[in-house]
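Bear in mind these aren't lab numbers, they're just calculated from the coordinates by the rules spelled out. Owing to the predicted nature of the structure, the values given are computational and were not obtained by experimental measurement. Quick reminder, even Gly has a Cβ in these numbers, built from the backbone with ideal geometry, and neighbours come from all protein chains shown.
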């Protein structure tokens, strides 16, 4: 997936996450690739793994996903203009 403007990345991630199958993941990286956010689907829940300013894991349901994505992106990438978004399939 190419670079996505920061203004629309939260909406884009939410749409991708809702269409994602169980076991798949989405990775968001900054230009320098020093901050990484990974969103994994596990049934009806989503695991958000932050590896940047904070190193923590969140588990949220579908209802809280949109706010969790927005808060995470705003915190981890305050000065970024574009983010790289990639989707990985589940490992066999």
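From the list 57, 40, the lone residue that is touching a strand residue (DSSP E or B) at 6+ places or on another chain (Cβ under 7 Å), surrounded by fewer than 17 Cβ atoms within 10 Å (Cβ to Cβ) and more than 21 Å from residue 3 (Cβ to Cβ) is 57. Just need a number here: residues in the stretch 47-78 that are in a strand (DSSP E or B) and over 10 Å from the mean Cα position of the chain (by Cα). Matching residues across the stretch 47-78 total 8. Here the stretch 63-82 is the region considered, the condition is being more than 22 Å from residue 2 (Cβ to Cβ) and touching a helix residue (DSSP H, G or I) at 6+ places or on another chain (Cβ under 7 Å), and the residue that is surrounded by the fewest Cβ atoms within 10 Å (Cβ to Cβ) is 66.
Residues of the stretch 35-82 that are touching a residue at least 40 places away in the same chain (Cβ under 8 Å) and closer than 19 Å to residue 15 by Cα: 62, 65, 66, 69, 70, 73, 82. The residue list 85, 9 contains one member that is part of a strand (DSSP E or B), surrounded by 11 or more Cβ atoms within 10 Å (Cβ to Cβ) and touching a residue at least 40 places away in the same chain (Cβ under 8 Å), which is 85.
Taking the stretch 12-46 as the range and being within 12 Å of the chain's Cα centre (by Cα), over 12 Å from residue 82 (Cα atoms) and assigned to a strand (DSSP E or B) as the test, the residues that pass are 25, 26, 27, 36, 37, 38, 39, 40, 41, 46.
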